[in-house]
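Here, each number is a calculation from the coordinates, and none is a lab measurement. These numbers come from a predicted model, not from an experiment. With ideal geometry, Cβ positions are generated from the backbone for all residues, glycine too; neighbour counts draw on all protein chains shown.
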Amino acid sequence: MIPAATRYERASDLDHALELLAEPDAKAIAGGQSLIPVMKLRIARPSVVVDISRLEFRGVDVRGDELHIGPLTTWDELLDVPEFGRPALAAIPECARGIGDLQLRNMGTIGGGLAHADPASDMPAVLLTLGAALELRSPDGERTVPVADFILGPFTSTLADRELITDIAVPTPLPGSGSAYVSVEHPASGFALAGAAALVGPDGGARVAVTGIAGRPFLLAGDDHRTALETADVFGDRFASAEYRRELASVVVRRAVERASQRAKEDS
Ligand SMILES: Cc1cc2nc3c(=O)[nH]c(=O)nc-3n(C[C@H](O)[C@H](O)[C@H](O)COP(=O)(O)OP(=O)(O)OC[C@H]3O[C@@H](n4cnc5c(N)ncnc54)[C@H](O)[C@@H]3O)c2cc1C
């Protein structure tokens with residue numbers, strides 16, 4: 001379908017973007033990979049699309065004991081970050097590499113993926129295990145929201161109308177840690193039927209998050225991941241029943257933990 005008529009404005013800086021977003025039904029656009037399809041379906045009919053793709057929030061840098069990922073960093077750009085060569089952070093490029101196709105990875109951004117809040121999106125699971133937090137900016141100021149509190153449900157987040165994600169802060173894992181992301185994808189859409197991220201620390205303890213099986217990606221409570229999955233509120237659809245998704249999740253969780261444990265031995 002053809003999107004409803006709209007206006008296009010390119011923001012020159014953050015203040016300009018927030019000013020443009022003051023218009024009722026204005027919508028930010030970064031890579032357009034999720035927004036354009038929903039505009040074509042006329043699920044979204046923004047009065048104006050505010051292009052934020054030229055803002056400075058791109059790339060990865062280390063500040064103190066945190067890594068900061070700019071929300072405008074594309075999936076492809078996440079593949080070549082020297083810091084992610086560390087086994088403790090290997091889950092980030094491993095996850096990014098499996099997202100969509102080449103065009104999607106060249107255009108789609110990590111911030112756009114988070115804001116879209118697809119319940120089967122891959123990277124939130126990785127960011128959950130790493131304990132990442134988002135910096136959100138609006139005309140009212142700035143706030144920090146852990147990724148665990150950001151996605152509320154399918155396509156729903158805590159993001160307010162005139163708020164933008166301006167930073168993704170990832171605490172540097174302890175030496176001797178390893179991370180991994182494993183998923184089983186739907187053969188047509190490429191989205192995860194079940195995906196699992198794991199961060200294994202130097203003491204052997206694992207923090208695990210899953211995606212694709214519920215209304216939002218979530219952390220598994222406790223050390224007994226199988227029991228945590230048995231009590232989780234898993235959904236089924238015409239592609240995969242809840243029972244099948246739960247079983248698949250237990251397989252990807254086991255594989256992610258095994259791979260992350262192996263990587264922890266290589267991390268220094
Ligand atoms: C064919 C296809 C395959 C895909 N496969 C996968 C997959 O396998 N795994 C996966 O996880 N995802 C997948 N995706 C989703 C993809 O990751 C997202 O479309 C992409 O990351 C969105 O980023 P974008 O920059 O294009 O966002 P846009 O489309 O520009 O924006 C999406 C939403 O985010 C908002 N937004 C964008 N940037 C910001 C910001 N900085 N602050 C606040 N709000 C913002 C926009 O207003 C809009 O509501 C797929 C998408 C397509 C079309």
Compactness index (Cα Rg / 2.2 N^0.38 Å), segment 90-136
1.12
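Using a 10 Å cut-off on Cβ atoms, rank the peptides 165-176, 122-133, 236-247 from the highest mean neighbour count down.
Details: 165-176: 18.9, 122-133: 25.7, 236-247: 14.3.
Top to bottom by mean Cβ count within 10 Å: 122-133, 165-176, 236-247.
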Estimated inter-spin distance, Ala5 and Glu23, nm [label 7 Å along Cα→Cβ]:
1.3 nm
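Under the 0.36 nm per residue contour assumption, what length would be gained going from the current alpha-carbon distance of Thr158 and Glu56 to full extension? Walk me through the numbers on the way to the answer.
Working: separation 102, 0.36 × 102 = 36.72 nm, distance 2.30 nm.
The span from Thr158 to Glu56 would gain 34.4 nm if fully extended.
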Quickly estimate the mean residue ellipticity at 222 nm for the chain, helices only: each DSSP H run with n ≥ 4 gives -39500 (n - 2.57), and the total goes over all residues, rounded to 500.
-7500 deg cm²/dmol
Sort the following peptides by mean Cβ neighbour count (other Cβ atoms within 10 Å, averaged over residues), highest first: 27-34, 12-19.
27-34, 12-19
At 4 °C and 1.567 mPa s, what whole-number value in µm²/s does Stokes-Einstein give for the translational diffusion of segment 60-171, with Rh from the Kirkwood sum over Cα pairs?
92 µm²/s
Out of Leu41, Leu55, Leu104, a Gaussian network model of the chain with alpha-carbon springs under 10 Å gives the largest mean-square fluctuation to Leu41
So how strong a dipole does segment 38-142 carry about its Cα centre when Lys and Arg Cβ are +1 and Asp and Glu Cβ are -1, to the nearest 20 debye?
480 debye
Which one of Ala88, Pro119, Leu104 has its Cα pushed farthest toward the positive end of the charge dipole of segment 60-171, where Lys and Arg give +1 and Asp and Glu give -1 at the Cβ?
Pro119
Could you bin all the Cα-Cα distances of the chain into 5 Å bins starting at 0 and give me the percent of pairs in each, rounded to whole numbers?
1, 6, 13, 17, 19, 17, 12, 8, 5, 2, 0, 0
Here the averaged projected area of segment 178-264, based on the convex hull of its alpha-carbon atoms and given in nm², is 5.2 nm²
What is the dipole size for the chain, taken about its Cα centre, with +1 at each Lys and Arg Cβ and -1 at each Asp and Glu Cβ, in debye to the nearest 20?
740 debye
How far, in nm, would the chain grow between Arg42 and Asp101 when pulled straight, counting 0.36 nm per residue and subtracting the alpha carbon separation?
18.8 nm
Of all alpha-carbon pairs in segment 1-82, indicate the percentage at a distance above 17 angstrom.
54 percent
Under a crude label model (7 Å from the Cα following the beta-carbon direction), how far is Arg143 from Ser268 in nanometres?
4.4 nm
